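The values are calculated or read from the model by the stated rules, or taken from the named source; none is laboratory data. Keep in mind the model is a prediction, meaning the values are calculated, not measured. As a convention, Cβ positions derive from the backbone with ideal geometry for all residues, glycine included, and neighbour counts pool all protein chains shown. Accessible surface areas use protein heavy atoms only, side chains included; no ligands, DNA or RNA. Shrake-Rupley method; radii C 1.70, N 1.55, O 1.52, S 1.80 Å.
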Amino acid sequence: MDVERTSLPGIGLRHVFTTRRGRQLGVVSHHTGRRDLVIYDKEDPDTCVVSVALSDEEANALAELLGTGRVVERLSELHRQVEGLVTDQIPIAPGSPYAGRTLGDTRTRTRTGASIVAVVRDGQVIASPRPDFVFSADDVVVAVGTDEGTAAVADILAGG
């Protein structure tokens with residue numbers, strides 16, 4: 001599936017794709033953080049017929065609804081495509097220095113080269129958590145990277 005990315009000067013970015021039935025759907029990500037879900041006219045793809053402004057919470061909820069079942073599927077596909085790529089599930093223990101702190105505080109990507117791509121909390125998958133996401137004890141972090149990188153993420157989350 002091709003996603004067209006267009007810079008909107010003074011506004012932000014627009015991502016649009018075309019469904020199999022020929023309908024164009026998109027998301028406009030504003031510099032302010034607001035996101036708009038947009039549906040374009042089938043006959044005139046330059047005309048927006050519906051635009052729904054989403055708060056951060058609503059955008060995250062919609063992303064979870066649409067992406068939750070796909071995260072594991074995509075990771076499995078990546079494993080088949082990329083030699084040396086591993087996924088590790090790392091629990092946040094009650095004594096972890098990061099229980100109650102944000103993902104950004106960990107600086108795991110900078111420190112390890114591995115990425116935290118999801119968090120499982122109470123059986124719910126939170127895909128692509130943002131830097132301001134706050135970890136809770138008993139969360140399970142899904143990290144992707146090399147063996148060494150994901151092991152380093154586990155060490156950081158366990159001991160700082």
Suppose we keep only residues that are open to solvent by less than 60 Å² (accessible area, probe 1.4 Å) and over 18 Å from Val119 (Cβ atoms) within the stretch 77-97. Which one would you say is modelled with the highest pLDDT? Leu85
Residue that is open to solvent by 20 Å² or more (accessible area, probe 1.4 Å) and not β-branched (Val, Ile, Thr), where the choices are Gly104, Gly149: Gly104
Condition set in contact with a strand residue (DSSP E or B) (Cβ under 9 Å, 6 or more places away or on another chain) and small (Gly, Ala, Ser), scope the stretch 1-31, selection modelled with the highest pLDDT: answer is Gly26
Looking at Gly33, Gly26, Gly10, Gly22, which is the one that is within 22 Å of Asn60 (Cα to Cα) and out of contact with any helix residue (DSSP H, G or I) (no Cβ under 7 Å at 6 or more places or on another chain)? Gly26
For the stretch 15-61, give me each residue that is open to solvent by 70 Å² or more (accessible area, probe 1.4 Å), over 30 Å from Val134 (Cα atoms) and either among the acidic types (Asp, Glu) or not in a strand (DSSP E or B) (or both). Arg20, Arg21, Arg23, Lys42, Glu43, Asp46
Would you confirm whether any residue within the stretch 147-160 is within 22 Å of Glu58 (Cα to Cα) and in contact with a helix residue (DSSP H, G or I) (Cβ under 9 Å, 6 or more places away or on another chain)? no
